[in-house]
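Just below is one structure, and these are the notes that go with it.
The values are calculated or read from the model by the stated rules, or taken from the named source; none is laboratory data. Note that the coordinates shown come from a computational prediction; the quantities given were computed from them, not determined experimentally. So basically every Cβ, Gly included, is an ideal-geometry build from the backbone, and we count neighbours across all protein chains shown.
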Amino acid sequence: MKRAIIIVLDSLGIGPLPDASLYGDEGANTLGSIMQKNPHLKISNLADLGLGHIDGVNFPMLAVDEFQGSFGRLGEASKGKDTITGHWEIAGIYTEEPFKTYPDGFPGSFIKAFEEAIGLKILGNYAASGTEIIEELGPLHEETGNPIVYTSADSVFQIAANIQVISLERLYEICQIARKMLVGDLACGRVIARPYEISEGKRIRTSDRKDYAVSPPEETLLDKVQKKGMEVHAIGKIKDIFNGQGVTHSLHTDSNLDGVQKTQEVLKTDFEGLIFTNLVDFDSKYGHRRDVEGYGKALEEFDERLPDLIKELKEEDLLFICADHGNDPAHTGWDHTREYVPVMIAGKQVKKGANIGTRESFGDIAATICQYLETEPPSMGKSFLPLILITGA
């Protein structure tokens, strides 16, 4: 009963890609910034999987003598550094043209048409930090009932609202209207609902975020697995990222640790196929907010739960731990950074200490899993399965 599990540590980059300067990300290193700020970071379980021996990761405190898995470094072949591009490439899709971004806000003609469609004026319409803009425009939103619209360096149209002012259901409806309108020349990667509430005098974003993404342009790893008659369990925002395509079961998560817990619960069940989990807190709560210490603590919390997760692996399970882009919390601005990402592989069939080196694309994960599960291959990626499997496994 073969199964593959992908856990995306959302935004855990490990150093700049050769073209990082084209994106304003020269010198970015998410893990490096965290380690420098937290030199005694307790992530021994990730270290045992080989994190400290990956190309470019030069921290003696992460070096080990005995390994519990295989490891390597992945470069991003696609153009861009956003969530969809990264996850789609992990699933075997190359993106030639990056999704359109709106650093100066969305065109006035579109905003006017959107306002007419929802029957409300909008506030904002500029690039901003989500936590900052709800503090800045929250009082006016709560007074007028008009939603807050903002974007970032990513291809996103984000709509924030106090759920006591605009109900969650209505916010989702407004986002769906925007999704239908942001097509053609105006197409962007995601429309995101950003609900918040006021707790003890502070505006706090809730866990009811919902992403409305464009559909993948071709079959992904998820489709290949589903077509083979196997199950695809999407945990966290994976279903949204792939617009439900190729997903047979999905679970919403409230936090990183909730994502780990739900992954463990699915692992306890009997099925063949794929679990695809995204742990978004690393990115949304710490990377974007430039919280170096918080990012480090979140890594420690994941690391502490990792042994329990690995204990749930059955005889033919392969676990892949990776990332989808960087988000250096010590870098300028508050956006993603274009970086290499780690991949660490664990399982009873996996070699201990095999270094697969630096790979040319995230799509090598999809190619490896497709070969293991004996599905059709993806359109991009080269399998590293022979490098990590114990001979005869």
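Summary table
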read-out	value
Residue that is nearest to the chain's Cα centre (by Cα), among those in segment 143-181 that are over 26 Å from Ile84 (Cβ atoms) and surrounded by fewer than 16 Cβ atoms within 10 Å (Cβ to Cβ)	Ser167
Qualifying residue in segment 56-78 (condition: touching a residue at least 12 places away in the same chain (Cβ under 8 Å), buried (at least 19 other Cβ atoms within 10 Å of the Cβ), farther than 24 Å from Gly363 by Cα and in contact with a helix residue (DSSP H, G or I) (Cβ under 9 Å, 6 or more places away or on another chain))	yes
Selected residue (only one of Leu41, Leu51, Leu46, Leu123 is without any contact (Cβ under 8 Å) to a residue 60 or more places away in the chain and either assigned by TED's automatic domain parsing to the domain that holds Lys352 or crowded, with 18+ Cβ neighbours inside 10 Å (or both))	Leu123
Members of segment 282-315 found to be farther than 15 Å from Gly32 by Cβ and small (Gly, Ala, Ser), listed by number	Ser284, Gly294, Ala298
Exclusive hit being within 30 Å of Val350 (Cβ to Cβ), β-branched (Val, Ile, Thr) and part of a loop (DSSP other than H, G, I, E, B), set Val57, Val8	Val57
Test set (1) more than 21 Å from Asp281 (Cα to Cα); (2) at pLDDT below 95; (3) not aromatic (Phe, Trp, Tyr) - Gly72 fails condition number	(2)
First in segment 270-287 and within 11 Å of Asn327 (Cβ to Cβ), second anywhere and modelled with pLDDT of 95 or more and of a type in the set (A, V, I, L, M), Cβ under 8 Å, 6 or more apart	Phe282/Leu9; Phe282/Leu12; Phe282/Ala298; Phe282/Leu299; Lys285/Ala298; Tyr286/Val292; Tyr286/Ala298
Count of segment 23-45 residues which are closer than 28 Å to Asp308 by Cα, in contact with a Gly (Cβ under 7 Å, 6 or more places away or on another chain) and not in a helix (DSSP H, G or I)	2
Total residues in segment 114-142, condition in contact with a helix residue (DSSP H, G or I) (Cβ under 7 Å, 6 or more places away or on another chain) and not aromatic (Phe, Trp, Tyr)	7
Conditions (1) over 20 Å from Val266 (Cα atoms); (2) buried (at least 23 other Cβ atoms within 10 Å of the Cβ); (3) touching a helix residue (DSSP H, G or I) at 6+ places or on another chain (Cβ under 7 Å); number of the one not met by Glu293	(2)
Residue tally, condition modelled with pLDDT under 95 and of a type in the set (A, V, I, L, M), over segment 97-132	2
Failed condition for Asp211, given (1) among the acidic types (Asp, Glu); (2) part of a helix (DSSP H, G or I); (3) closer than 24 Å to His249 by Cβ	(2)
Unique residue being under 12 Å from Ile5 (Cβ atoms), modelled with pLDDT of 95 or more and not acidic (Asp, Glu) when the list is Gly273, Gly294, Gly326	Gly273
Output for segment 235-274, where each listed residue is buried (at least 24 other Cβ atoms within 10 Å of the Cβ) and out of contact with any Asp or Glu (no Cβ under 8 Å at 6 or more places or on another chain)	Ile235, Gly236, Ile238, Lys239, Phe242, Gly259, Thr263
Enumeration of residues in segment 229-251 that are in contact (Cβ under 8 Å) with a residue 40 or more places away in the chain and within 21 Å of Phe302 (Cβ to Cβ)	His233, Ala234, Ile235, Gly236, Lys237, Ile238, Ile241
Pick from segment 199-228, criterion more than 23 Å from the chain's Cα centre (by Cα) and in contact (Cβ under 8 Å) with a residue 40 or more places away in the chain, ranking: surrounded by the fewest Cβ atoms within 10 Å (Cβ to Cβ)	Lys227
Some residue of segment 295-303 being outside any helix (DSSP H, G or I) and either among the aromatic types (Phe, Trp, Tyr) or over 16 Å from the mean Cα position of the chain (by Cα) (or both)	no
